[in-house]
Amino acid sequence: MIRFEGVHKWFGKLHVLNGINLHVRAGEVVVVCGPSGSGKSTLIRTINELEPIDEGKLFVDGTELSDPKMNINRLRAEIGFVFQQFNLYPHLSVLKNITLAPIKIRNTPPKEAGEQATALLERVGLVDKRDAYPSQLSGGQQQRVAIARGLAMKPKIMLFDEPTSALDPEMIGEVLQVMKDLALSGMTMIVVTHEMGFAREVAHRVIFMDNGTILEEAPPEEFFINPRHERAKQFLKQILSPMH
Amino acid sequence: MVGGLDFSVVRENLPYFFLGRYPKGPLGGVALTLYLAVVSLVLSFLGGLILGLLSVSRNRLIKWGSTAVIQTIRGMPLLMVIFWMFFLLPAMLGSGMSADWTIITALTLFTSSYMSEIVRAGILGIPKGQMEAAVSTGLSHKQAMTYVILPQALRNMIPSFVNQFVSMIKDTSLAFIVGVSELTHIATQMNNRTMLYPTEIFLFIAVIYFIMCFAFTELSRWLERRSAWRKSI
């Protein structure tokens, strides 16, 4: 579904992605973790070309991203993206946040789009908020709406860029639950997160990144119990018991 | 008589102040001032929007070209722009436009270039996550601009727009210099004719300008209050 072949990217002199090779199959849930600045956000942002790559090949859903004939807008419609800061449209109601893309891109009649959006809101448990504005919602609710918005185009892939990092602790659970349900429904997902509980329970594979490279790639049980790389051991220690 | 002032000159010529020689002659006075202001307002809103969008274009040539135009006009006094329009346009177009349209063109060019800076700042002021979120759903850059960025940016721009437009209402008074018979022109004319009541006449038109600007400001405040999502923040 997604294949990185020797992908490099630079921000000026900073080598953010240094020879990435990665293959994510359809229906797979991959958790990406690593210290800040390791390139994990950049990694998933290249998949829908929010960040274009500088070198190497990147295939998404059968198309190569550097192909000049590729229609990036059409590809992006197949990929849902959930941001750390939610990025809901503040001037639109919850319902319109979700229906905007289907109405404008697929020419879905507003009534039908509204029904589909309502069904998505039901899935994330927020039907009663359909007419509210984003600023009237809590962080956890906003993020769940953002997930519903990401699903509105019926994407094949969902990408999550630290979806719970901007949330108060008591709201993290509700968002992770929605993501877990989504994973169980068979969605292909790449999740950048430090929620190790989620990784352990839901992920098929955990990827550990540092300095723009993938240092470790393993099923969660193996990664958590027996990380091979020294850097990964340190990271896990810090994240699981930050006081020591 | 108010405090030694004699406003009878104003009272007796009220229709002239408000309508000019209309209906026997062309429209003038307050009506013409309003006409110039409203037409220029609509045109410079469009002009400012277009220039502003060009100045944030991803195409460098368009971006630099529009910025050059904006900076040039912004670097000139309005009176200069009016003179240019008045003397240059007829030379270029042969016979030229009516004086009214000369003024409208000058005001539009001038105000558009200021407005474009407001538009540019408004667009750049929207967090970049909004554009990213919009294109991530598959919207094109243009669609994202139309449905996500501009609606937010325009609402943030309302106070600056109003500021610019209030100053344009007053700028219409410069039209008197090329003989357009708007309010200031009529006041000067009246003053030259009677010679005795400059204080009364100019006090009167000052009040009229104030009322127009105040009414416009209030109208826009009301519009601003009406946008639902602002209320909810």
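Table for the structure above
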{"quantity": "Ranked B:11, A:123, B:60, criterion: other C-beta atoms within 10 Å, fewest first", "calculated": "B:60, B:11, A:123"}
{"quantity": "Alpha carbon convex hull of chain B, volume per residue in cubic angstrom", "calculated": "165"}
{"quantity": "Highest-MSF residue in chain B out of B:50, B:186, B:104 [GNM, Cα springs under 10 Å]", "calculated": "B:50"}
{"quantity": "Helix-only [θ]222 nm of chain B, DSSP H runs n ≥ 4, -39500 (n - 2.57) each, per residue, nearest 500", "calculated": "-24500 deg cm²/dmol"}
{"quantity": "DSSP-defined antiparallel bridges as percent of all bridges, the protein assembly as shown, nearest 5", "calculated": "55"}
{"quantity": "10 °C / 1.306 mPa s Stokes-Einstein diffusion coefficient of chain A, Kirkwood radius on C-alpha pairs, µm²/s", "calculated": "85"}
{"quantity": "Difference of contour (0.36 nm per residue) and Cα-Cα distance, residue B:195 to residue B:84", "calculated": "36.8 nm"}
{"quantity": "Around residue A:186: net Lys/Arg minus Asp/Glu count, Cβ-Cβ under 15 Å", "calculated": "+3"}
{"quantity": "Stretch gain in nm, segment residue A:71-residue A:131, where the contour uses 0.36 nm per residue and the Cα spacing is subtracted", "calculated": "18.3 nm"}
{"quantity": "Whole-angstrom gap from the stretch A:161-202 to the stretch A:5-20, using each part's C-alpha centre", "calculated": "27"}
{"quantity": "FRET efficiency, 1/(1 + (r/R0)^6) with R0 56 Å, evaluated for residue A:122 and residue B:203 via beta carbons", "calculated": "0.25"}
{"quantity": "Order of A:7, B:178, A:94, A:175 - criterion: other Cβ atoms within 10 Å of each residue's Cβ, fewest first", "calculated": "B:178, A:7, A:175, A:94"}
{"quantity": "Of the DSSP H helices in chain B, those whose Cα atoms cover at least 15 Å axially and whose Kyte score averages -1.0 or more", "calculated": "B:29-55, B:60-74, B:78-93, B:99-124, B:150-171, B:183-194, B:198-226"}
{"quantity": "Filter on A:40/A:237; A:96/A:154; A:9/A:40; A:111/A:154; A:9/A:57; A:9/A:180 - keep pairs with C-alpha separation over 22 Å", "calculated": "A:9/A:180"}
{"quantity": "Residue B:72-residue B:146 pseudo-label distance in nm [points 7 Å out on the Cα-to-Cβ vector]", "calculated": "3.1"}
{"quantity": "Quotient of C-alpha Rg and 2.2 N^0.38 Å, computed over the protein assembly as shown", "calculated": "1.33"}
{"quantity": "Residue order, fewest to most beta carbons within 10 Å, for B:113, B:160", "calculated": "B:160, B:113"}
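None of the figures in this text is laboratory data; all of them are computed from the coordinates on show. The model shown is predicted, which means the values in this text are computed figures rather than measured ones. Note that we place each Cβ from the backbone using ideal geometry, even for glycine, and neighbour counts take in every protein chain shown.
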